[in-house]
Structures are given as C-alpha cells and as structure tokens.
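Okay, so here's the structure we're looking at.
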Amino acid sequence: MYAYIFFNRLSFAPEVGFHYHPVFVQAAMMLCAAVALALLAFRGRFDLRPDARSCLALGALFIVGVAVDQAGLVMGGQGGLAVQLFACMLFGCAFVLYTLLWVQVYEVLPLPRLFAAVSCALVLSALARAVTYVDMRGQGVWCVAFCAVMALSLTMLNRSFRIVSAGATRSEGPLGRERFAKGLLFTLRGPFAAAAAVAFGTGLTWGEAAVEEYRPPIALAAAFLVCALNLVFGFCGRNGPKARSALFGAVFPLSTILLLASLVLGRFDGAAGLPVLFDAMYYVGLSLFEVHVLVAIIVASRGSGVSSLAPFAAKMVVYGAGFLAGKALSFALDPASLPAVLTAVLLAYLAFNVVVLAVNQVSDAAGSSAPVQEAISMRMGERYGLTPREKEVLSCLLEGRSYEGIGRTLFISSSTVKTHVKHIYEKVGVGSRDELIDQAF
C-alpha cells in the first residue's frame with residue numbers, strides 16, 4: 001500500500017494544479033486488475049511466481065514507470081500530462097502484479113503468522129509514510145529512494161516465497177467462470193461489500209484537504225494498536241476455531257463501520273471540536289480494514305480450495321470502481337451534501353450486514369442436523385486426497401478426542417492413529433493439531 005502512496009506523492013502536491021493524479025492511478029490499477037481477473041478466473045491461472053526473473057522484471061517496470069512519470073513532470077503542459085497518464089498505466093500494472101505476487105506468500109502462511117505478517121507490514125508502511133511526510137514531488141532523490149525501497153521489497157518477496165513454499169500446501173484448484181461466479185463471489189460478499197463502501201466513501205471525501213490533514217502521530221499509534229491486537233488475536237486466541245471465526249467475523253464489519261462513521265461525523269458542522277477523536281476512529285478503522293480484508297479473502301479462498309489471486313484481483317477491481325464512482329459523484333455534489341451521502345452509504349452497509357446475518361442464521365439452523373466435523377472432514381478429504389480411514393481420524397481430531405479415544409472409537413491401536421495423523425498432516429501441509437483446525441475451519 002505504501003508503494004501506491006509513495007508513487008502518488010512523487011507526482012502530486014496539494015498546491016499545484018495537477019490535483020487528481022491518484023484518481024488516474026486508481027483507474028489504471030482497476031483496469032490492470034480487471035485484466036488479471038479475466039486471465040485468472042476465466043482463462044486459467046497465472047504462471048507468474050515470485051522467482052528471481054519475475055522480481056527483476058517487476059523492478060524494471062517500477063523504475064520505468066517512475067522515470068516516465070518524472071519525464072512528464074519535466075515536459076509540463078498537455079504533452080507532459082499524457083506522458084504521466086502513460087506512467088500511471090505502467091505503475092498500475094506493476095502494482096497489481098506486485099500485490100498478487102505478495103499474496104502468493106501470504107496465502108500459504110498459517111493464520112497466526114498471516115496476521116503477524118500483514119500487521120507488521122502495516123506498521124512498517126505507517127512508519128515509512130511518517131518519516132517521508134515531506135514534499136517530494138519531482139525530486140530525484142525521492143525517486144531513487146522509491147526505487148531502492150521497491151528493490152528491497154522485491155528481494156524480500158523472492159526470499160520469503162522460497163522459504164514459505166518449502167513443503168507448503170498451496171490452494172491451486174481450478175477456478176473457472178462458473179465456480180468463481182457462484183462460489184467465491186457469494187462467499188466473499190462481505191469483503192467485497194466492505195471494499196466497495198470504503199472505496200466509495202474515500203473517493204467521495206478524498207482531495208487536497210485529505211493530504212493536508214494527514215496526522216502521522218495518530219496514524220502511527222493506530223497502526224501499532226491494530227498490530228498489537230492482531231498479534232494477540234493470532235497467537236493467543238487458542239479458545240477454539242468457532243470462537244476465533246466469530247471474533248474475526250465481527251471485527252471485519254465493525255472496522256468498516258468505524259471507518260465510515262468517522263468520515264460521516266468528521267463532516268458535520270458541529271463536529272469541529274473533536275478532530276482528534278474522529279482522526280483516531282478513521283485510522284484505527286482503516287488499519288483494521290486493510291489487514292482484515294486481505295486475511296478474509298485468503299481464508300475464504302482456502303476454504304473453497306482455490307488460490308486467492310483471482311478473488312484479490314476482484315477486490316482491487318471493486319475498490320477501484322468504488323473509488324472512481326465516489327470521486328465522480330463528489331464533482332457533481334455540493335460539499336454541504338456530503339455528510340448526507342456518507343450517512344446513506346453507512347446505513348446501506350449496516351443494512352447489508354443485517355441481511356447477511358439473518359441469511360446466515362437461517363442457513364445454520366437448516367443445516368444444524370448435519371455433524372459439522374463429519375462434513376468438514378469429508379470436504380477436506382476430497383480436497384487433499386485423504387483415504388476413508390484418514391477422513392474418520394480427521395473427524396475425531398476435529399471433535400477434540402485424544403489418540404487413545406480415537407483408537408477406541410475406530411477399533412484401532414494408538415500407534416496406528418499416530419500414523420494416520422502423520423499422513424493427514426503431510427497431505428494437508430500442517431505441523432500440529434492447532435494448524436490443522438485453523439485450516440479446517
């Protein structure tokens with residue numbers, strides 16, 4: 001995310017006439033993500049992997065994008081603007097590919113490590129943004145710094161992928177148009193709706209004032225707070241997968257509601273005396289949203305047995321479309337009407353969550369007669385190629401039984417149970433019962 005912010009600020013400053021450069025970058029990213037989605041969901045998978053060749057090519061694309069953008073700044077006028085728009089397309093393509101490559105690292109991590117990795121990345125991004133919160137438009141030293149940061153990140157990407165890929169089980173099932181439309185789109189309706197609402201609200205309110213009102217201390221404090229909460233949630237939340245799933249399901253919509261509410265309240269005339277409170281609400285909500293939307297997409301994709309690349313490309317399309325729609329509406333509206341529009345977006349999102357909660361309750365009640373552990377073990381058995389006996393052992397493991405209890409239930413010895421459990425761990429790609437339960441649920 002900081003790569004996107006950094007690139008914008010190399011070309012954008014509130015006091016110059018070229019005010020809406022980030023809008024062009026969002027449009028470029030949306031178009032490139034749409035192409036990636038078409039290739040991933042409808043034409044098969046990308047063969048792109050974060051190997052040395054891919055990272056070098058991507059680094060070159062970032063450098064060319066920055067060089068072309070700066071050339072457009074030097075040229076000025078309509079010709080320079082056209083050159084900068086071309087640079088936006090280059091950067092948009094590079095950023096989408098860069099994001100999809102990092103997702104391939106994140107999607108093979110166990111849930112606690114996934115939370116830790118994304119949360120620490122959030123803190124590093126906030127730190128980098130605070131340190132470099134200066135006017136950098138058109139300055140060569142910052143262009144070099146940006147390229148150096150991206151080179152370091154791509155080096156880390158290549159090394160991280162080699163480490164986490166060793167022995168890891170990846171979700172790379174075929175997707176296809178029908179499976180994507182009927183399966184993942186329904187499963188991910190929550191993250192997609194949240195992304196659309198947040199993007200629309202951001203596009204509606206973003207402008208020069210948004211850049212001038214950035215509060216580094218509050219943003220840093222929010223990032224550290226969210227990181228600490230996520231680390232506790234990821235590593236200390238050993239109170240069962242159902243409780244963890246319920247907490248995760250609650251935090252995600254609440255973060256979106258908090259973010260939208262801060263945008264609404266901060267624009268009422270009577271709220272002028274509480275800027276720090278609303279800024280804190282905004283940055284905490286934004287930090288939670290950025291972490292949990294990525295985790296939600298990866299977890300849902302794992303449950304469907306497919307790679308999270310296509311769903312994440314779809315999220316980028318949804319976010320870009322929402323941002324551009326909000327920005328277009330902001331040009332047509334009187335600023336005094338923005339609070340009312342934001343309130344309508346917030347209410348619509350609240351209504352969506354109420355409907356989804358009601359549908360889930362009805363679905364849970366209808367399916368409550370089927371044993372959950374048995375259904376999950378059958379599903380995982382088909383996905384990972386477990387034998388019938390291994391499915392039975394897995395079902396008992398999910399019920400929390402000991403090896404001796406499983407042996408008595410299935411009329412086999414404890415040593416045989418241990419052998420089956422070892423084979424299950426190897427096929428699923430986990431190293432402990434906790435990791436197995438995280439993967440199952």
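A few remarks follow.
- Subset of region 136-168 (residues that are in contact with a Cys (Cβ under 9 Å, 6 or more places away or on another chain) and at pLDDT below 80): M136
- Set side by side, the residues V421, V417, V430 differ, and just one is touching a residue at least 12 places away in the same chain (Cβ under 8 Å), open to solvent by less than 60 Å² (accessible area, probe 1.4 Å) and part of a loop (DSSP other than H, G, I, E, B), which is V430.
- Qualifying residue in region 103-120 (condition: part of a helix (DSSP H, G or I) and farther than 25 Å from S432 by Cα): no
- Evaluation of D334 against the conditions (1) touching a helix residue (DSSP H, G or I) at 6+ places or on another chain (Cβ under 8 Å); (2) among the charged types (D, E, K, R); (3) open to solvent by 20 Å² or more (accessible area, probe 1.4 Å) shows that the sole unmet condition is (1).
- Reported count of residues in region 75-131, each being over 23 Å from C32 (Cα atoms), in contact (Cβ under 8 Å) with a residue 24 or more places away in the chain, open to solvent by less than 50 Å² (accessible area, probe 1.4 Å) and not hydroxyl-bearing (S, T, Y), is 14.
- Residue that is farthest from G140 (Cα to Cα) [pool: residues in region 11-53 that are modelled with pLDDT under 80 and assigned to a helix (DSSP H, G or I)]: F42
- Scanning region 308-330 for residues that are over 27 Å from V232 (Cα atoms) and of a type in the set (G, A, S) turns up A310, A313, A314, G320, A321, G322, A325, G326, A328, S330.
- Selection status of D51, open to solvent by less than 30 Å² (accessible area, probe 1.4 Å), more than 19 Å from the chain's Cα centre (by Cα) and acidic (D, E): no
- For E390, the stated conditions hold: it is modelled with pLDDT of 80 or more and either closer than 26 Å to P253 by Cβ or part of a helix (DSSP H, G or I) (or both).
- If you filter region 200-233 down to residues that are more than 20 Å from S125 (Cα to Cα) and open to solvent by less than 40 Å² (accessible area, probe 1.4 Å), you find that the one that is modelled with the lowest pLDDT is E208.
The values are calculated or read from the model by the stated rules, or taken from the named source; none is laboratory data. Being a predicted model, the structure only gives us computed values, none of them experimental. Please note: Cβ atoms are built from the backbone with ideal geometry, for glycine as well, and neighbour counts cover all protein chains shown. These area figures cover heavy atoms from the full protein model, side chains too; ligands, DNA and RNA do not enter into them. Shrake-Rupley method; radii C 1.70, N 1.55, O 1.52, S 1.80 Å.
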